[in-house]
Amino acid sequence: MNARERLIKYRDIYDHEGSSEIFLEAMRDCLAHHVENNDFFRRLMEDAGVRPEDIKHETDLEKLPFIHANFFKKYEVLSVEAEDIVMHATSSGTSGQKSQMFFDQDSLDFGNSMVENEFGHFGFLSDEPTNYLLFTYEPAEISKNLGTAKTDEGMLRFAPVNEVFYALRFNGVGHDFDVYGTIAALEKYEEQGLPVRIFGFPSFLYFTVQQMKDTGHRPLKLNRASMTMLGGGWKGYANRQIKKGELYALVEEMLGIPEANCRDGYGSTEHSVPYFECPRHNFHIPVYSRLIIRDVETLEPLPYGEAGFANFITPHLLSVPAVSVLMGDMAVLHPAQECGCGLKSPFMEIKGRAGTSKAKSCAITASELLKR
(Lines give C-alpha, C1' and ligand atoms only; values in the text may rest on other atoms or scores of the structure.)
Protein backbone atom coordinates (compact mmCIF):
# COMPACT_ATOMS: atom_id res chain seq x y z
CA MET A 1 0.00 0.00 0.00
CA ASN A 2 1.12 3.56 -0.61
CA ALA A 3 1.20 6.08 2.23
CA ARG A 4 -2.29 7.49 1.56
CA GLU A 5 -3.73 3.98 1.69
CA ARG A 6 -1.89 3.25 4.95
CA LEU A 7 -3.15 6.52 6.41
CA ILE A 8 -6.79 5.78 5.62
CA LYS A 9 -6.40 2.31 7.18
CA TYR A 10 -4.64 3.59 10.32
CA ARG A 11 -6.65 2.18 13.19
CA ASP A 12 -6.50 4.95 15.83
CA ILE A 13 -7.89 7.82 13.80
CA TYR A 14 -7.04 10.46 16.43
CA ASP A 15 -3.42 9.41 17.06
CA HIS A 16 -1.29 12.15 15.50
CA GLU A 17 1.95 11.03 17.12
CA GLY A 18 1.75 7.42 15.97
CA SER A 19 0.60 8.31 12.45
CA SER A 20 2.94 11.24 11.91
CA GLU A 21 5.48 9.51 9.63
CA ILE A 22 2.69 8.02 7.50
CA PHE A 23 0.98 11.41 7.26
CA LEU A 24 4.20 13.16 6.20
CA GLU A 25 4.93 10.50 3.58
CA ALA A 26 1.38 10.82 2.27
CA MET A 27 1.84 14.59 2.10
CA ARG A 28 5.09 14.25 0.13
CA ASP A 29 3.42 11.85 -2.31
CA CYS A 30 0.41 14.13 -2.72
CA LEU A 31 2.56 17.24 -3.21
CA ALA A 32 4.73 15.45 -5.79
CA HIS A 33 1.61 14.41 -7.69
CA HIS A 34 0.31 17.98 -7.90
CA VAL A 35 3.71 19.45 -8.77
CA GLU A 36 4.01 16.98 -11.64
CA ASN A 37 0.45 17.33 -12.94
CA ASN A 38 -0.57 20.92 -12.20
CA ASP A 39 1.35 23.90 -13.63
CA PHE A 40 -0.32 26.37 -11.29
CA PHE A 41 0.63 24.40 -8.19
CA ARG A 42 4.14 23.74 -9.45
CA ARG A 43 4.72 27.50 -9.83
CA LEU A 44 3.18 28.11 -6.42
CA MET A 45 5.64 25.69 -4.82
CA GLU A 46 8.56 27.13 -6.77
CA ASP A 47 7.67 30.69 -5.68
CA ALA A 48 7.59 29.51 -2.07
CA GLY A 49 10.91 27.71 -2.47
CA VAL A 50 9.45 24.45 -1.21
CA ARG A 51 9.88 20.96 -2.67
CA PRO A 52 7.83 17.90 -1.67
CA GLU A 53 10.94 16.25 -0.24
CA ASP A 54 11.43 19.21 2.13
CA ILE A 55 8.46 18.10 4.23
CA LYS A 56 10.32 15.93 6.74
CA HIS A 57 8.82 17.08 10.04
CA GLU A 58 5.39 18.35 11.04
CA THR A 59 6.80 21.84 11.57
CA ASP A 60 7.76 21.85 7.88
CA LEU A 61 4.06 21.93 7.01
CA GLU A 62 4.07 25.61 8.01
CA LYS A 63 6.27 26.34 4.95
CA LEU A 64 3.72 25.07 2.45
CA PRO A 65 2.09 27.73 0.27
CA PHE A 66 -1.59 27.90 1.07
CA ILE A 67 -4.46 28.64 -1.27
CA HIS A 68 -7.28 30.82 0.00
CA ALA A 69 -10.67 29.11 -0.07
CA ASN A 70 -12.06 31.95 -2.22
CA PHE A 71 -9.72 30.87 -5.01
CA PHE A 72 -11.98 27.90 -5.68
CA LYS A 73 -14.92 30.24 -6.27
CA LYS A 74 -13.27 31.50 -9.46
CA TYR A 75 -10.83 28.93 -10.81
CA GLU A 76 -10.77 25.29 -11.86
CA VAL A 77 -7.30 23.77 -11.54
CA LEU A 78 -7.31 20.02 -12.05
CA SER A 79 -4.38 17.72 -11.40
CA VAL A 80 -6.04 14.83 -13.24
CA GLU A 81 -7.62 14.51 -16.66
CA ALA A 82 -11.14 15.95 -16.92
CA GLU A 83 -12.52 12.57 -17.95
CA ASP A 84 -11.28 11.12 -14.63
CA ILE A 85 -13.60 13.37 -12.59
CA VAL A 86 -16.47 11.32 -11.15
CA MET A 87 -18.09 13.95 -8.88
CA HIS A 88 -18.45 17.73 -8.92
CA ALA A 89 -19.60 19.51 -5.75
CA THR A 90 -20.48 23.19 -5.21
CA SER A 91 -20.84 25.09 -1.96
CA SER A 92 -23.84 27.37 -2.44
CA GLY A 93 -27.38 27.39 -3.79
CA THR A 94 -28.82 29.34 -6.70
CA SER A 95 -27.14 32.65 -5.80
CA GLY A 96 -23.81 33.91 -4.55
CA GLN A 97 -20.29 32.86 -5.37
CA LYS A 98 -19.87 29.11 -5.58
CA SER A 99 -16.81 27.24 -4.45
CA GLN A 100 -16.51 24.03 -6.40
CA MET A 101 -14.52 20.90 -5.92
CA PHE A 102 -13.81 17.99 -8.24
CA PHE A 103 -13.20 14.39 -7.22
CA ASP A 104 -11.57 11.55 -9.10
CA GLN A 105 -12.44 8.04 -7.93
CA ASP A 106 -9.37 7.75 -5.68
CA SER A 107 -10.13 11.03 -3.90
CA LEU A 108 -13.82 10.16 -3.58
CA ASP A 109 -13.00 6.76 -2.07
CA PHE A 110 -10.58 8.41 0.37
CA GLY A 111 -13.28 10.86 1.44
CA ASN A 112 -15.92 8.15 1.90
CA SER A 113 -13.49 6.11 3.99
CA MET A 114 -12.78 9.08 6.26
CA VAL A 115 -16.49 9.53 7.02
CA GLU A 116 -17.02 5.81 7.57
CA ASN A 117 -14.00 5.58 9.89
CA GLU A 118 -15.23 8.49 12.00
CA PHE A 119 -18.79 7.15 12.17
CA GLY A 120 -17.41 3.78 13.21
CA HIS A 121 -15.13 5.31 15.82
CA PHE A 122 -18.09 6.93 17.59
CA GLY A 123 -20.29 3.83 17.32
CA PHE A 124 -22.71 5.14 14.71
CA LEU A 125 -22.54 2.24 12.25
CA SER A 126 -25.71 0.14 12.45
CA ASP A 127 -27.50 -2.76 10.75
CA GLU A 128 -30.92 -1.72 12.10
CA PRO A 129 -33.49 -0.21 9.66
CA THR A 130 -33.48 3.55 10.20
CA ASN A 131 -35.62 6.57 9.34
CA TYR A 132 -33.85 9.70 8.12
CA LEU A 133 -34.75 13.37 8.41
CA LEU A 134 -32.48 15.50 6.24
CA PHE A 135 -32.43 19.25 6.78
CA THR A 136 -31.04 19.69 3.32
CA TYR A 137 -32.18 20.08 -0.26
CA GLU A 138 -34.61 17.58 -1.75
CA PRO A 139 -32.88 16.09 -4.83
CA ALA A 140 -33.49 18.17 -7.95
CA GLU A 141 -31.45 19.32 -10.92
CA ILE A 142 -30.62 22.69 -9.33
CA SER A 143 -29.34 21.12 -6.10
CA LYS A 144 -27.69 17.94 -7.32
CA ASN A 145 -24.15 19.32 -6.99
CA LEU A 146 -24.50 21.02 -3.61
CA GLY A 147 -21.83 19.80 -1.21
CA THR A 148 -24.19 19.64 1.77
CA ALA A 149 -26.74 17.59 -0.15
CA LYS A 150 -24.06 15.15 -1.29
CA THR A 151 -22.68 14.87 2.25
CA ASP A 152 -26.06 14.19 3.85
CA GLU A 153 -27.10 11.69 1.19
CA GLY A 154 -23.74 9.95 1.61
CA MET A 155 -24.49 9.41 5.29
CA LEU A 156 -27.48 7.24 4.41
CA ARG A 157 -25.13 4.31 3.88
CA PHE A 158 -24.19 3.91 7.55
CA ALA A 159 -27.55 2.42 8.59
CA PRO A 160 -30.17 0.73 6.37
CA VAL A 161 -32.74 3.19 5.02
CA ASN A 162 -36.39 2.68 5.95
CA GLU A 163 -37.68 6.14 4.93
CA VAL A 164 -36.15 9.53 4.07
CA PHE A 165 -37.77 12.95 4.47
CA TYR A 166 -36.18 16.11 3.04
CA ALA A 167 -37.10 19.26 4.96
CA LEU A 168 -36.12 21.59 2.11
CA ARG A 169 -38.72 20.61 -0.46
CA PHE A 170 -38.35 21.26 -4.18
CA ASN A 171 -41.17 23.48 -5.43
CA GLY A 172 -40.42 23.31 -9.15
CA VAL A 173 -38.21 26.40 -9.13
CA GLY A 174 -36.30 26.35 -5.85
CA HIS A 175 -36.65 24.92 -2.37
CA ASP A 176 -38.96 25.77 0.55
CA PHE A 177 -38.57 24.81 4.19
CA ASP A 178 -41.52 22.56 5.04
CA VAL A 179 -41.69 22.86 8.82
CA TYR A 180 -45.16 21.31 9.18
CA GLY A 181 -44.25 18.42 6.90
CA THR A 182 -41.12 17.93 8.99
CA ILE A 183 -43.12 17.74 12.23
CA ALA A 184 -45.55 15.30 10.60
CA ALA A 185 -42.62 13.11 9.52
CA LEU A 186 -41.28 13.11 13.08
CA GLU A 187 -44.70 12.07 14.40
CA LYS A 188 -44.76 9.22 11.90
CA TYR A 189 -41.24 8.15 12.89
CA GLU A 190 -42.25 8.14 16.56
CA GLU A 191 -45.16 5.84 15.76
CA GLN A 192 -42.95 3.46 13.77
CA GLY A 193 -40.48 3.22 16.66
CA LEU A 194 -37.35 2.82 14.50
CA PRO A 195 -34.14 4.80 15.18
CA VAL A 196 -34.08 8.21 13.50
CA ARG A 197 -31.03 9.97 12.11
CA ILE A 198 -31.18 13.74 11.60
CA PHE A 199 -28.60 15.40 9.38
CA GLY A 200 -28.19 18.93 8.03
CA PHE A 201 -28.31 22.57 9.07
CA PRO A 202 -28.71 23.14 12.83
CA SER A 203 -30.82 26.26 12.26
CA PHE A 204 -33.61 24.22 10.65
CA LEU A 205 -33.60 21.69 13.46
CA TYR A 206 -33.81 24.53 15.98
CA PHE A 207 -36.71 26.21 14.20
CA THR A 208 -38.53 22.88 13.99
CA VAL A 209 -38.32 22.01 17.68
CA GLN A 210 -38.92 25.63 18.70
CA GLN A 211 -42.05 25.70 16.51
CA MET A 212 -43.25 22.57 18.29
CA LYS A 213 -42.67 24.16 21.68
CA ASP A 214 -44.19 27.53 20.76
CA THR A 215 -47.38 25.90 19.45
CA GLY A 216 -47.77 23.62 22.46
CA HIS A 217 -46.99 20.41 20.56
CA ARG A 218 -46.49 17.46 22.84
CA PRO A 219 -42.90 16.23 23.22
CA LEU A 220 -42.16 13.24 21.00
CA LYS A 221 -40.40 10.11 22.18
CA LEU A 222 -38.22 8.91 19.32
CA ASN A 223 -36.24 5.70 19.62
CA ARG A 224 -33.41 6.26 22.13
CA ALA A 225 -30.89 5.03 19.56
CA SER A 226 -31.71 8.06 17.39
CA MET A 227 -28.98 10.62 16.69
CA THR A 228 -28.27 13.97 15.07
CA MET A 229 -25.21 14.92 13.03
CA LEU A 230 -25.51 18.58 12.16
CA GLY A 231 -23.37 20.81 9.97
CA GLY A 232 -23.32 23.95 7.86
CA GLY A 233 -23.57 26.48 10.66
CA TRP A 234 -26.00 29.31 11.40
CA LYS A 235 -24.34 31.87 9.14
CA GLY A 236 -27.55 33.49 7.87
CA TYR A 237 -29.10 33.57 11.34
CA ALA A 238 -26.18 34.25 13.66
CA ASN A 239 -28.35 36.70 15.61
CA ARG A 240 -30.72 33.85 16.53
CA GLN A 241 -28.09 31.18 17.13
CA ILE A 242 -28.22 29.44 20.47
CA LYS A 243 -25.45 27.52 22.17
CA LYS A 244 -25.01 23.90 21.15
CA GLY A 245 -25.79 22.73 24.66
CA GLU A 246 -29.09 24.60 24.61
CA LEU A 247 -30.01 23.14 21.22
CA TYR A 248 -29.17 19.61 22.32
CA ALA A 249 -31.21 20.04 25.50
CA LEU A 250 -34.16 21.30 23.45
CA VAL A 251 -33.84 18.35 21.06
CA GLU A 252 -33.80 15.91 23.97
CA GLU A 253 -36.83 17.64 25.53
CA MET A 254 -38.98 17.78 22.37
CA LEU A 255 -37.77 14.70 20.43
CA GLY A 256 -36.41 12.39 23.11
CA ILE A 257 -32.97 12.04 21.47
CA PRO A 258 -30.32 11.75 24.22
CA GLU A 259 -27.97 14.73 24.44
CA ALA A 260 -25.01 12.36 24.09
CA ASN A 261 -26.30 11.34 20.65
CA CYS A 262 -26.49 14.94 19.41
CA ARG A 263 -23.36 15.83 17.49
CA ASP A 264 -22.25 18.68 15.28
CA GLY A 265 -20.05 18.38 12.22
CA TYR A 266 -17.66 20.75 10.48
CA GLY A 267 -16.47 20.65 6.90
CA SER A 268 -16.44 22.61 3.70
CA THR A 269 -16.37 22.14 -0.03
CA GLU A 270 -12.88 23.66 -0.17
CA HIS A 271 -11.54 21.36 2.56
CA SER A 272 -13.61 18.22 2.59
CA VAL A 273 -12.09 16.36 5.53
CA PRO A 274 -14.99 15.73 7.97
CA TYR A 275 -14.78 16.81 11.60
CA PHE A 276 -17.22 15.23 14.06
CA GLU A 277 -17.79 16.21 17.66
CA CYS A 278 -16.48 13.95 20.39
CA PRO A 279 -18.82 13.03 23.31
CA ARG A 280 -17.78 16.30 24.97
CA HIS A 281 -18.74 18.20 21.82
CA ASN A 282 -15.26 19.24 20.66
CA PHE A 283 -13.85 18.91 17.13
CA HIS A 284 -10.67 16.86 17.37
CA ILE A 285 -8.39 16.78 14.31
CA PRO A 286 -8.28 13.28 12.77
CA VAL A 287 -5.09 11.75 11.40
CA TYR A 288 -6.11 12.75 7.85
CA SER A 289 -5.33 16.42 8.38
CA ARG A 290 -3.44 19.01 10.36
CA LEU A 291 -4.56 22.49 11.39
CA ILE A 292 -2.39 25.60 11.61
CA ILE A 293 -3.90 28.77 13.09
CA ARG A 294 -2.54 31.87 11.35
CA ASP A 295 -2.44 35.45 12.58
CA VAL A 296 -5.01 37.58 10.76
CA GLU A 297 -2.45 40.30 10.02
CA THR A 298 0.88 38.55 9.54
CA LEU A 299 -0.41 35.06 8.61
CA GLU A 300 2.30 33.63 10.84
CA PRO A 301 1.46 30.44 12.80
CA LEU A 302 -0.03 30.99 16.24
CA PRO A 303 0.28 28.81 19.38
CA TYR A 304 -2.49 26.97 21.20
CA GLY A 305 -5.21 29.20 22.58
CA GLU A 306 -4.95 32.11 20.13
CA ALA A 307 -7.56 32.91 17.49
CA GLY A 308 -6.72 33.27 13.81
CA PHE A 309 -7.49 32.00 10.34
CA ALA A 310 -7.85 28.21 10.00
CA ASN A 311 -5.26 26.73 7.61
CA PHE A 312 -6.09 23.07 6.93
CA ILE A 313 -3.55 20.68 5.44
CA THR A 314 -4.38 17.24 4.03
CA PRO A 315 -3.24 14.68 1.41
CA HIS A 316 -6.88 13.85 0.68
CA LEU A 317 -7.29 15.10 -2.89
CA LEU A 318 -5.37 14.06 -5.97
CA SER A 319 -7.88 15.77 -8.29
CA VAL A 320 -7.40 19.38 -7.14
CA PRO A 321 -4.41 20.93 -5.30
CA ALA A 322 -6.43 21.76 -2.17
CA VAL A 323 -3.50 20.53 -0.09
CA SER A 324 -3.13 23.58 2.14
CA VAL A 325 -6.25 25.76 2.26
CA LEU A 326 -6.66 29.01 4.18
CA MET A 327 -10.27 29.38 5.28
CA GLY A 328 -12.25 32.51 6.06
CA ASP A 329 -13.19 30.87 9.35
CA MET A 330 -11.64 32.02 12.59
CA ALA A 331 -10.60 29.23 14.92
CA VAL A 332 -8.59 28.38 18.03
CA LEU A 333 -6.55 25.19 18.47
CA HIS A 334 -6.44 23.50 21.88
CA PRO A 335 -4.29 20.63 23.18
CA ALA A 336 -6.05 17.28 23.55
CA GLN A 337 -5.88 17.22 27.35
CA GLU A 338 -8.07 20.32 27.63
CA CYS A 339 -11.01 18.22 26.42
CA GLY A 340 -10.71 15.19 28.66
CA CYS A 341 -12.64 12.82 26.40
CA GLY A 342 -9.61 10.57 25.90
CA LEU A 343 -8.92 11.34 22.24
CA LYS A 344 -5.22 12.03 21.62
CA SER A 345 -5.30 14.77 19.00
CA PRO A 346 -5.73 18.55 19.42
CA PHE A 347 -9.21 19.99 18.96
CA MET A 348 -10.41 23.16 17.31
CA GLU A 349 -12.92 25.76 18.43
CA ILE A 350 -14.63 27.47 15.48
CA LYS A 351 -15.18 31.16 16.20
CA GLY A 352 -17.09 32.03 13.05
CA ARG A 353 -16.63 33.56 9.63
CA ALA A 354 -14.22 36.48 9.42
CA GLY A 355 -14.75 39.59 7.30
CA THR A 356 -17.79 41.16 5.68
CA SER A 357 -17.75 39.48 2.26
CA LYS A 358 -21.07 39.00 0.51
CA ALA A 359 -20.01 35.57 -0.72
CA LYS A 360 -22.69 33.06 0.26
CA SER A 361 -22.33 29.62 1.71
CA CYS A 362 -24.80 26.72 1.69
CA ALA A 363 -26.10 27.82 5.07
CA ILE A 364 -26.60 31.43 4.01
CA THR A 365 -28.53 30.36 0.93
CA ALA A 366 -30.56 27.91 2.98
CA SER A 367 -31.37 30.53 5.59
CA GLU A 368 -33.06 32.62 2.91
CA LEU A 369 -35.71 29.92 2.76
CA LEU A 370 -36.60 30.62 6.38
CA LYS A 371 -37.23 34.28 5.55
CA ARG A 372 -39.81 33.20 2.99
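The values are calculated or read from the model by the stated rules, or taken from the named source; none is laboratory data. The model shown is predicted, which means the values in this text are computed figures rather than measured ones. A quick note on method: Cβ atoms are made from the backbone with ideal geometry, for glycine too, and the neighbour counts reach across all protein chains shown. Note: areas computed on protein heavy atoms with side chains; ligands, DNA, RNA excluded. Shrake-Rupley method; radii C 1.70, N 1.55, O 1.52, S 1.80 Å.
Shown is the FRET efficiency for residue 75 and residue 157, computed with R0 = 25 Å from the Cβ-Cβ distance and rounded to the nearest 0.05: 0.20.
A simple spin-label model places the labels of residue 241 and residue 297 2.5 nm from each other, with each point 7 Å out along Cα-to-Cβ. Summing Lys and Arg as +1 and Asp and Glu as -1 over all other residues whose Cβ lies under 12 Å from the Cβ of residue 219 gives a net charge of -1.
Lys and Arg at +1, Asp and Glu at -1: add these up for the other residues within a Cβ distance under 15 Å of residue 31 and post the number. So the environment of residue 31 carries a net charge of -3. Using a probe of 1.4 Å on the protein chains alone, the accessible area found for residue 285 is around 0 Å².
What percent do you get for the relative contact order of the chain when only Cα pairs under 8 Å and 6+ apart count?
Numbers: 731 pairs, mean separation 74.2, N = 372.
Answer for the chain is 20 percent.
Using the Cβ-Cβ distance between residue 210 and residue 170 with R0 = 25 Å, the FRET efficiency computed as 1/(1 + (r/R0)^6) comes to roughly 0.55. Where a ≥ b ≥ c are the square roots of the eigenvalues of the C-alpha gyration tensor, would you call the chain rounded, which needs a/c under 1.5, or, failing that, prolate if a/b is larger than b/c, or oblate? It is prolate, given that a/c is not under 1.5 and a/b is the larger ratio. Take the Cα of residue 125, go 7 Å toward its beta carbon, and the backbone nitrogen atoms of the stretch 1-45 under 13 Å from that spot belong to 9-13. Between residue 217 and residue 36, what length in nm is gained on full extension when 0.36 nm per residue of separation is reduced by their alpha carbon distance? Fully extending the segment from residue 217 to residue 36 adds 59.1 nm. Which FRET efficiency value, to the nearest 0.05, is calculated for residue 187 and residue 349 with the Förster distance at 41 angstrom and r the Cβ-Cβ distance? For residue 187 and residue 349, the calculated efficiency is 0.65.
Between residue 46 and residue 11, the modelled labels are 4.6 nm apart [label points 7 Å from Cα along Cα→Cβ].
Could you compute the net charge surrounding residue 131? Neighbours are other residues with a C-beta less than 12 Å from the C-beta of residue 131; K and R count +1, D and E count -1.
Charge balance in the 12 Å sphere: -3.
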